[in-house]
Amino acid sequence: METIYVVTGKTIYRDMTRFWGKLFGINFALGVATGLTMEFQFGTNWSFYSNYVGDIFGAPLAMEALMAFFLESTFVGLFFFGWQRLNKYQHLLVTWLVAFGSNLSALWILNANGWMQYPTGAHFDIDTLRMEMTSFSELVFNPVSQVKFVHTVMAGYVTGAMFIMAISAWYLLRGRERDVALRSFAIGSVFGTLAIIGTLQLGDSSAYEVAQVQPVKLAAMEGEWQTEPAPAPFHVVAWPEQESRA
């Protein structure tokens, strides 16, 4: 929205950016609060796991804090309080940096999650009884992490678009701020449609990756309790029989 404002010069898009930015700020604050709580849980709830794989699992989380969180924290203040202090091009750069930092944060966190699903770039040290990193590049370019990142981020875009459309519809139904609501709804619907298409495609790719590296997990997701001759059937809609589960 702010990019449209800078390109067209129409102030209504600036007002839209400031309105939705306030709601983004609430979500950002909640994300920081829950993220800090989660970090403490690594020591309180999962201390043995943290000791066992801390050399590997801690690396992407540290990179997330040093690169993404500091980037977001630095520029989010400029985003909210820099409207009167920065020109429109400088503020647009700040906005894009905040968005980039949010996506970068997801990249490192999902790198850690992807490693838990498909451990690469590490080996078990029999002397220390701990996992140790052997290749940082293999950790970063883990195939499961890559598909998880693009699929999760695209699903986040869908959620954001639906959020904007829902609030815009609320304003339209009450006849308030119709210009802002109509334009916001239009942007959300176009962006959301593209994001849904991307999510479906990337979700399919994610399932293929799971089938390659975690076939038992995919079978459990589908409720396939018994081994089937290849190629096993794929269920679009199913009601698993829990009694027959091994």
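The values are calculated or read from the model by the stated rules, or taken from the named source; none is laboratory data. Only a predicted model underlies this, so the values are computations on that prediction, with no experimental measurement involved. Cβ: placed from backbone, ideal geometry, glycine included. Neighbour counts: every protein chain shown.
To keep it simple, each residue is scored yes or no on (1) part of a helix (DSSP H, G or I); (2) aliphatic (A, V, I, L, M).
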position	(1), (2)
M165	yes, yes
A207	yes, yes
Q212	yes, no
K217	yes, no
M221	yes, yes
T227	no, no
A238	no, yes
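Summed over the range 20-50, residues that are in a helix (DSSP H, G or I) and more than 23 Å from the chain's Cα centre (by Cα) total 5. Look at the range 119-172 and say how many of its residues are surrounded by 14 or more Cβ atoms within 10 Å (Cβ to Cβ), of a type in the set (S, T, Y) and either within 12 Å of P60 (Cβ to Cβ) or modelled with pLDDT of 90 or more (or both). Qualifying residue count for the region: 5. Filtering G101, G114 for residues that are without any contact (Cβ under 8 Å) to a residue 40 or more places away in the chain, assigned to a helix (DSSP H, G or I), assigned by TED's automatic domain parsing to the domain that holds F28 and touching a Lys or Arg at 6+ places or on another chain (Cβ under 8 Å) leaves a single hit, G114.
All conditions but one from (1) touching a Ser or Thr at 6+ places or on another chain (Cβ under 8 Å); (2) under 24 Å from V147 (Cα atoms) apply to F100; the one that does not is (1).
Looking at the range 178-194, I want the residues that are touching a residue at least 40 places away in the same chain (Cβ under 8 Å) and surrounded by 15 or more Cβ atoms within 10 Å (Cβ to Cβ) and have a partner that is assigned to a helix (DSSP H, G or I) and not charged (D, E, K, R) with Cβ atoms under 6 Å, at least 6 apart or on another chain. Which pairs are those? Partner pairs satisfying both residue conditions: V180/M16; S184/M16; S184/I164; S184/S168. Of the residues making up the range 51-82, those that are surrounded by 15 or more Cβ atoms within 10 Å (Cβ to Cβ) and either in a loop (DSSP other than H, G, I, E, B) or over 22 Å from the mean Cα position of the chain (by Cα) (or both) number 7.
In the list K10, K22, which residue meets the criterion of being under 30 Å from R178 (Cβ atoms) and surrounded by fewer than 12 Cβ atoms within 10 Å (Cβ to Cβ)? Step through it out loud before you land on a result.
On the way: K10 fails: surrounded by fewer than 12 Cβ atoms within 10 Å (Cβ to Cβ).
Of the residues listed, the single one that is under 30 Å from R178 (Cβ atoms) and surrounded by fewer than 12 Cβ atoms within 10 Å (Cβ to Cβ) is K22.
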